[in-house]
Amino acid sequence: MNIPFLNFAPMHSEIKSEMMDAFEKVYDSYWYVLGNKVSAFETAYAEFNQTKFAVGVSNGLDALQLSLKALDIKEGDEVIVPSNTYIATALAVSNVGAKPVFVEPDLYTYNINPKKNRSSNFSINKSNYACSFIWSSL
């Protein structure tokens with residue numbers, strides 16, 4: 001018996017025509033970055049999440065870095081980062097000049113284990129950085 005590891009065909013076929021129409025509209029507008037469609041998405045996403053603003057970015061690293069800047073994380077700050085994360089989580093911290101402090105996870109929850117925090121100066125630690133592996137900054 002052959003059981004495929006991933007098979008997206010069934011769910012993709014349900015939305016294919018809608019997605020292709022949307023892609024074609026963006027493609028034909030020549031606005032791949034920014035433009036009316038991105039602005040409309042940001043507005044709709046902010047409304048959906050009951051917040052004033054939403055910003056579309058190109059990738060997870062940009063999203064994480066933007067969130068750190070919004071929190072005024074900068075050089076001299078320490079940010080607690082889960083050790084079992086993708087490298088972009090730590091890169092975002094170092095890209096804003098802060099120091100990533102890796103903390104081992106709790107073996108039962110896989111979340112940061114507060115008992116294992118080895119921050120060199122907890123008083124300057126501004127942020128415990130939560131990031132799921134699907135790039136939702138929390």
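Results for (1) surrounded by 14 or more Cβ atoms within 10 Å (Cβ to Cβ); (2) assigned by TED's automatic domain parsing to the domain that holds Tyr110, shown as yes or no for each residue.
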{"residue": "Phe23", "(1), (2)": "no, no"}
{"residue": "Asp72", "(1), (2)": "no, yes"}
{"residue": "Gly76", "(1), (2)": "no, yes"}
{"residue": "Ile80", "(1), (2)": "yes, yes"}
**Prompt:** Listed residues Asp28, Asp21, Asp62, Asp72; which is within 30 Å of Val101 (Cβ to Cβ) and part of a helix (DSSP H, G or I)?
**Reply:** Asp62
**Request:** Scan segment 39-76 for residues that are more than 19 Å from Ala88 (Cα to Cα) and out of contact with any Phe, Trp or Tyr (no Cβ under 8 Å at 6 or more places or on another chain) and report the count.
**Result:** 14
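Are any residues in segment 31-44 part of a helix (DSSP H, G or I), modelled with pLDDT under 95 and at negative phi, and if so, which ones?
Within segment 31-44, the subset part of a helix (DSSP H, G or I) is 35-44.
Now narrow it down to the ones that are modelled with pLDDT under 95: 35-42.
Hits for segment 31-44 are Asn36, Lys37, Val38, Ser39, Ala40, Phe41, Glu42.
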**Request:** Could you grab the pairs with beta carbons closer than 9 Å, sequence gap of 6+ or different chains, first residue in segment 85-105 and assigned by TED's automatic domain parsing to the domain that holds Lys115, second one part of a strand (DSSP E or B) and acidic (Asp, Glu)?
**Result:** Val93/Glu78; Ala98/Glu78; Lys99/Glu78; Pro100/Glu78; Val101/Glu78
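The values are calculated or read from the model by the stated rules, or taken from the named source; none is laboratory data. Since this is a predicted model, take the numbers as computed values, not measurements. Neighbour counts run over all protein chains shown; Cβ positions are idealised from the backbone, glycine included.
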